[in-house]
Amino acid sequence: MDALTRARGEPAGDPFDAAPLAASSASVWLDIEGRICDAGAAAASMLGYEPIALAGLTLTDLAATGWGDAADVASARVRYGATESFELMLRGRSGRLSLIEMAAHSKPDAQGKPEAFVLTWAHRRVGKRIGHDAIEAELRRLADALIRMREEERTDVATRLHDDLAPTLVMVKYLVEDALQRVGRNEPGDVTGLLGLAAARLRGVIAELRNISTDLRPRLLDDLGLLPTLEWYCRGFEEAHPPITIARALTAAESSVPASLKLEIFRIVEDALGNVARHAQASAVRVSLVEDGGELLLGVEDNGSGFDPAYAVRSGRASVGLPSIRKRIDATGGRLILETGPQRGTRIGAAWPLEAGVVAGRCADSGSVEDSYGPNGHRKWG
């Protein structure tokens, strides 16, 4: 009886254990969150593990450096019912790289919805040099993309300073100099008007400087905290994009969010909502930050057009957006949550353990993240 059977209290001899799965002992079972619930000895030995050591891990946890996004995409597609085979580069216990070909099958529950998945593995060992070259190329690509993104942000700030603020300040300088000359000539008649116009221009400069400062780091984060800052940003987003409404579920305690996470969470929400505005063609968005099952859960979910994550990776369209969000999540010890598909909307988020020693994998209880976002990982919008 496997771990999933024991966790759900199902009798041995469940049809899930029958052909075609029995034909291959190199199998790994995933729960609906994409975590490994059980693994065959042959599959575990491919990576140099004992089967029990894989319990609770995800494909992303096992992915080689530079293959994390591909693993996220593959896991999402499996949970959406994709059955075509795919390949992932995984890192074994000793650090050895292995290219694994995988094929997925699902186990439906009584209502016909998938409640678990099985992946059959076929081992394709890759030469060390080839694997390292592929990883180095992927790292260079991601590094270049992140550098370009940072340079674009700096260029935007420089453009706003040079094209918007500098000419205004030059105009103010001329207005003040003109007023001084008039005073020197004992012609005070228009001085008040000139200084009033200069003051109005300076008020505009101050407002724009505040906007630039907010874009660099919202002062509200330091003054009021993360939750009020997210509320403020969501209201501003709705005002800037009237066709889109945002439902907020910000129930996490401010004291539960580590200071090191606050800016990263804000940036993730900012990036995710920016993608909604540019690409999703959505009318409704749900932003949530909740505590559940010993984890801090962040989610941004829309009812828009969605996308094919596999195509986005192959075409390079996810070269900056998703990896940059993932980089923030990985750097802070979290795990990425991504579910999307054509005409299915998109759900992107993250989960962080709230206390040291929290075990990320919970095969027997896989409802915490799903409960936060609605059944089967997607909220149905009216």
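Of note:
- Using 0.36 nm per residue and subtracting the Cα-Cα separation, the extra length available between ARG201 and SER213 on full extension is 2.5 nm.
- Cα-centred dipole magnitude for the stretch 254-301, charges only on beta-carbon of K, R (+1) and D, E (-1), debye, nearest 20: 240
- The modelled label-to-label distance for the pair THR83/LEU161, using points 7 Å beyond Cα in the direction of Cβ, is 5.9 nm.
- Accessible-area value, LYS173, 1.4 Å probe, nucleic acids and ligands omitted, Å²: 100
- Between ASP178 and ARG150, the contour length at 0.36 nm per residue exceeds the Cα-Cα span by 6.0 nm.
- Protection proxy ranking of 157-166, 95-104, 36-45, 193-202 - average other beta-carbon atoms within 10 Å, highest first: 36-45, 95-104, 193-202, 157-166
- Computed with a 1.4 Å probe over protein heavy atoms only, the accessible area of MET89 comes to about 10 Å².
- Carbon plus sulfur fraction of accessible area for the stretch 208-266, probe 1.4 Å, in percent: 54
- Computed with a 1.4 Å probe over protein heavy atoms only, the accessible area of TRP121 comes to about 10 Å².
The values are calculated or read from the model by the stated rules, or taken from the named source; none is laboratory data. Just so it is clear, the structure is predicted and the values come from calculations on it, not from any experiment. Positions of Cβ are generated from backbone atoms using ideal geometry, with glycine treated the same way; all protein chains shown enter the neighbour counts. Just the protein is used for accessible areas: all its heavy atoms, side chains included, with ligands, DNA and RNA removed. Shrake-Rupley method; radii C 1.70, N 1.55, O 1.52, S 1.80 Å.
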